[in-house]
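Peer 1: Below is a structure I'd like to ask you about.
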Amino acid sequence: MAANAQFPDIIHTTNADAGSATFNEQFARLADTHGTIDAIVDSSGAITFAELETRTNQLARLFQEHDVDHGDYVLISTALPSLLLESAIAAWKVGAVPMPVSDRMVQAELDAIIELGRPRVAVDTTSRTVSVPRIDGLNQLHDYSSEALPPVVPPHLKAPTSGGSTGMPKLIISGAPGDPASIIQLGQAMGVPTNGTCLITAALSHNAPFSDALAALALGNTTVLMERFDAEVTLQMIEKHQATWVYSVPTMMQRMWRLPDEIKYKYDLSSVETFFHVAAPCPPWLKREWINWLGADTIYELYGPTEGQAATTITGREWLDHPGSVGRAAIGEVTVRDENGRVLPPGQTGEVWLRRGADEPPSYYYIGADSEAQDEGWETVGDIGWMDDEGYLYLTDRRSDMLLVGGVNVYPAEIEAVADMHPAVLSSCVVGLDDPELGKVPAMVIETDHGNIPEDFDDFLSSQLSGVKLPRRVVATTQRLRDHAGKVRKRDIKVEFFGA
């Protein structure tokens with residue numbers, strides 16, 4: 001494995017790093033310097049940086065014909081990732097804000113998002129109804145000029161959607177302006193290279209792959225996109241395209257690791273310089289397996305919310321010295337506090353609090369929800385953890401997931417991490433069920449190839465967990481418990497499998 005990736009403790013980005021002050025200028029420059037190089041590769045084929053410049057200029061003019069103006073939102077919902085990226089870039093070129101939305105979102109959810117954001121236009125290739133002007137493809141682009149548009153900076157970089165812990169839809173409006181420096185800062189925090197080949201394995205409607213893919217393009221990388229994750233196909237794509245940077249989440253890592261050895265090891269992964277994972281804490285046993293597989297200098301992790309208040313990063317080599325950690329602050333500030341807001345000393349568990357910086361402007365604002373920011377900009381997204389003497393953060397679970405079992409704090413993430421170690425388990429989810437004596441007790445759903453509970457599963461859990469942490473009920477399924485961004489809807493799973 002290549003071992004030349006170096007990641008700074010603090011990320012500083014200026015317009016000079018981006019090469020240009022606006023996306024109009026940045027992609028025009030890339031069309032000149034990288035014109036014949038593939039910019040985007042997906043199932044529809046490949047387009048070069050020169051073609052990307054032409055198509056996004058034409059699409060931007062189509063947006064203008066629909067009265068899209070500075071500060072307007074452009075809803076983008078399609079299974080074709082190249083169209084999603086082209087639409088986001090075209091939105092930036094007219095000063096608008098891209099609003100990526102899952103193409104699997106049901107009609108009621110979509111209606112609620114449109115009501116919140118009131119986009120000027122929707123690029124939507126699904127069969128759903130949209131209540132704003134709709135563009136369902138790029139067939140008509142040849143009618144529009146491909147000449148460069150005047151430079152413009154959108155007021156916000158992006159407007160991803162989220163259901164949050166309440167399940168109610170909201171928009172998370174980026175506090176950063178829509179310029180190359182902003183997207184490149186995000187990319188650098190995630191280890192995105194310059195002039196390499198980046199493989200994005202998740203749907204771009206999710207915030208992290210959306211940001212990474214656009215950062216990769218802005219940094220001159222060939223960006224290879226997968227519509228849906230598949231474990232073996234991912235390894236095939238790494239070998240085929242000689243990917244130097246790969247996006248992943250722990251759920252994907254587990255699925256690839258569970259492949260039979262004769263499949264897993266037959267692909268050449270030597271091109272990978274950075275294997276990046278995000279979205280959820282990686283079980284220590286799985287992290288160690290990947291470090292052994294690709295090398296400590298190749299594995300790189302980021303922890304941070306979509307809101308962007310702060311983020312921690314850690315390399316595989318650092319992780320070996322701090323096993324289980326998600327790293328130190330690379331953007332913003334991180335503290336751990338007790339229930340009274342007092343900062344806790346190293347080693348003590350409490351709630352994780354984040355802020356961009358004492359004198360920094362907010363990194364986001366919501367449409368459809370209220371911020372929970374406290375005095376001096378500190379806020380929490382509900383994660384529980386602790387820090388060591390060197391400032392490395394360790395996560396244990398989320399505040400909303402913690403169970404009080406007979407007066408004992410039980411963290412579902414700990415139980416899930418043990419269950420996922422079993423060779424037959426692809427993923428797991430622990431929820432709390434009401435109990436008349438203990439208050440709450442843990443119950444578990446496991447995902448396996450055949451939907452069966454392994455015969456030795458009870459003994460396996462008992463050998464790793466104390467009695468209070470053992471699930472009182474276990475259900476097996478072949479259904480995917482986590483989406484391709486590694487997220488799980490515990491509320492829905494609890495209702496579906498336990499009727500609670």
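Bear in mind that the values in this text are calculations on the coordinates, not laboratory data. Small disclaimer: the values here were computed from a predicted structure and weren't measured. Cβ placement follows ideal geometry from the backbone for every residue including glycine, while neighbour counts extend to all protein chains displayed.
Peer 1: Can you grab the distance from the C-alpha centre of the stretch 303-318 to the C-alpha centre of the stretch 201-233, Å, no decimals?
Peer 2: Result: 18 Å between the Cα centres.
Peer 1: Next question. 5 Å is the cut-off here: which amide hydrogens, built 1.01 Å from N in the peptide plane, fall below it relative to Val121, excluding neighbours closer than 5 in sequence?
Peer 2: It is Leu75, by chain and number.
Peer 1: Convert each backbone phi in the stretch 423-434 into a coupling constant with the Karplus relation 6.51 cos²θ - 1.76 cosθ + 1.60 (shift: θ = phi - 60°), then list the ³J(HN,Hα) values in order as whole Hz, x for Gly and Pro.
Peer 2: Each residue's phi maps through the Karplus curve to give x, 8, 9, 8, 6, 8, 8, 10, 10, x, 10, 5 Hz.
Peer 1: Pull up all non-local amide H partners of Ile40: gap of 5 or more, or a different chain, and H-to-H distance under 5 Å with H placed in the peptide plane.
Peer 2: Counting only residues 5 or more places away or on other chains, the set is Ile47, Thr223.
Peer 1: Using the Cα gyration tensor of the stretch 15-280, with a ≥ b ≥ c the square roots of its eigenvalues, what is the shape: rounded (a/c below 1.5), prolate (a/b larger than b/c) or oblate (neither)?
Peer 2: oblate
Peer 1: Still on this structure: Which order results if Trp353, Trp92 are arranged by neighbouring Cβ count within 10 Å, fewest first?
Peer 2: Exposure proxy ranking, most exposed first: Trp353, Trp92.
Peer 1: Applying the Karplus parametrisation 6.51 cos²θ - 1.76 cosθ + 1.60 with θ = phi - 60° to the phi angles of the stretch 308-320, what ³J(HN,Hα) value in whole Hz is obtained for each residue in order, glycine and proline being reported as x?
Peer 2: x, 4, 7, 8, 10, 9, 7, 7, x, 5, 4, 4, 4
Peer 1: Here is a further query. I'd like the FRET efficiency for Arg258 and Glu496, computed as 1/(1 + (r/R0)^6) with the beta carbon distance as r and R0 of 25 Å, rounded to 0.05.
Peer 2: My answer for the efficiency is 0.60.
Peer 1: Okay, moving on. Hey, fewest Cβ within 10 Å first, where do Thr125, Thr251 land in order? Please report the intermediate quantities before stating the final value.
Peer 2: Values: Thr125 18, Thr251 27.
By the 10 Å Cβ count, ascending: Thr125, Thr251.
Peer 1: Quick check on the chain: helices-only [θ] at 222 nm, where DSSP H runs of length 4 and up contribute -39,500 (n - 2.57) each and the sum goes over total residues. Nearest 500, please.
Peer 2: Rounded to the nearest 500, the figure is -8000 deg cm²/dmol.
Peer 1: Report the Cα centroid-to-centroid distance between the stretch 90-159 and the stretch 240-281 in angstrom, as an integer.
Peer 2: 32 Å
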